[in-house]
Every structure is written in structure tokens, then in C-alpha cells.
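All remarks here apply to the structure that follows.
The values are calculated or read from the model by the stated rules, or taken from the named source; none is laboratory data. Note that the structure is a prediction, hence the values are computed from the model and not measured. Cβ placement follows ideal geometry from the backbone for every residue including glycine, while neighbour counts extend to all protein chains displayed. In case anyone asks, the SASA skips ligands and DNA or RNA and just uses the protein heavy atoms, side chains included. Shrake-Rupley method; radii C 1.70, N 1.55, O 1.52, S 1.80 Å.
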Amino acid sequence: TNRACVLWDLAEDADYIIQVQSIGLHGESQASKRVHFRTLKETDRLPSNSSNQGDITMEGLDKDRQLQTGEIIIIVAVLLMWAAVIALFCRQYDIIKDNDSNNNKEKTKPSSEHSTPERPSGGLLRS
């Protein structure tokens, strides 16, 4: 998806034709269109007081390419999903923390139910 590349160590006043192709795990992509350009002579370079000295761009390369709508939608969707995951984690953490603190209180408090023996209801006591 990159629309720019940098070439270095090119000879002066020479013709170049470049073509880009990716090779990955799933095989090779189709080659890009051929781009023809010629490098400048030493005398054709920009003056040394120029702010972008040595920064020679080719026609057809868009260095300041803006994000496309689809890319922005994907970025926003990913950010929203991360926010939802973080909110869900914090909510679950608070629930676990509250349950853990309630369990600790019950363990330390003696219960009156367990201190007296249980008697069946409706039974008669004999002496």
C-alpha cells in the first residue's frame, strides 16, 4: 500500500527504469507499472542554500498522500474496539474485586447458623 520508495547510490546523468514486485509467503504479486526517469547532473542540482537539498522527487510519487476513507474507517473501528475491550476489562476487574472483598468479609465473620446444631423442623423434642 506504500506509494513511495527511496533509491540511493544512483549514478549521475543516467536513465533508470524501475518496476516493483513483492514476494511473500503466498507467492509473488504482479509487477507494478514501469517508471522511467533520469538522474540529474551535478550542475543541475538544487543550490546548496535550498531547504530540501538532495531531496529530489520523481513525478508520479505522492509523498504527502492523505489517508483514504477506508483506511480512516479501519483505524477508527480498531480504536473503538480497543476502547471497548479496555472498558470491559475494567468492568470485569471491578466485579471480581468486589466479589473477592465480599468473600473475605464472610470468611472472617462467624456465622450463627453454623454455631448451633440444626434440628429437623416439625419434630417433637423428648426429654
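Could you check V20 against (1) modelled with pLDDT of 80 or more; (2) part of a helix (DSSP H, G or I); (3) surrounded by 10 or more Cβ atoms within 10 Å (Cβ to Cβ) and say which number it fails? Exception for V20: condition (2). Of the residues examined, V6 is not one that is part of a loop (DSSP other than H, G, I, E, B), in contact with a Cys (Cβ under 9 Å, 6 or more places away or on another chain) and open to solvent by 50 Å² or more (accessible area, probe 1.4 Å).
If only residues of the stretch 1-41 that are within 30 Å of the chain's Cα centre (by Cα) and β-branched (V, I, T) are counted, the one that is nearest to E71 (Cα to Cα) is T1. Of the numbered criteria (1) closer than 30 Å to D13 by Cα; (2) at pLDDT 95 or above, the one T43 fails is (2). Residue pairs whose Cβ atoms lie under 7 Å apart, separated by 6 or more positions or on different chains, with the first residue in the stretch 3-25 and free of Cβ contacts under 8 Å to residues at least 24 places away in the same chain and among the polar types (S, T, N, Q) and the second loosely packed, with under 11 Cβ neighbours inside 10 Å and part of a loop (DSSP other than H, G, I, E, B), are Q19/A31; Q19/R34; Q21/A31.
Sub-9 Å Cβ pairs linking a first residue in the stretch 26-45 that is open to solvent by less than 100 Å² (accessible area, probe 1.4 Å) to a second residue that is of a type in the set (G, A, S), at least 6 apart or interchain, are S29/S22; V35/G60; F37/G60; T39/A11; T39/A14, ordered by first then second residue.
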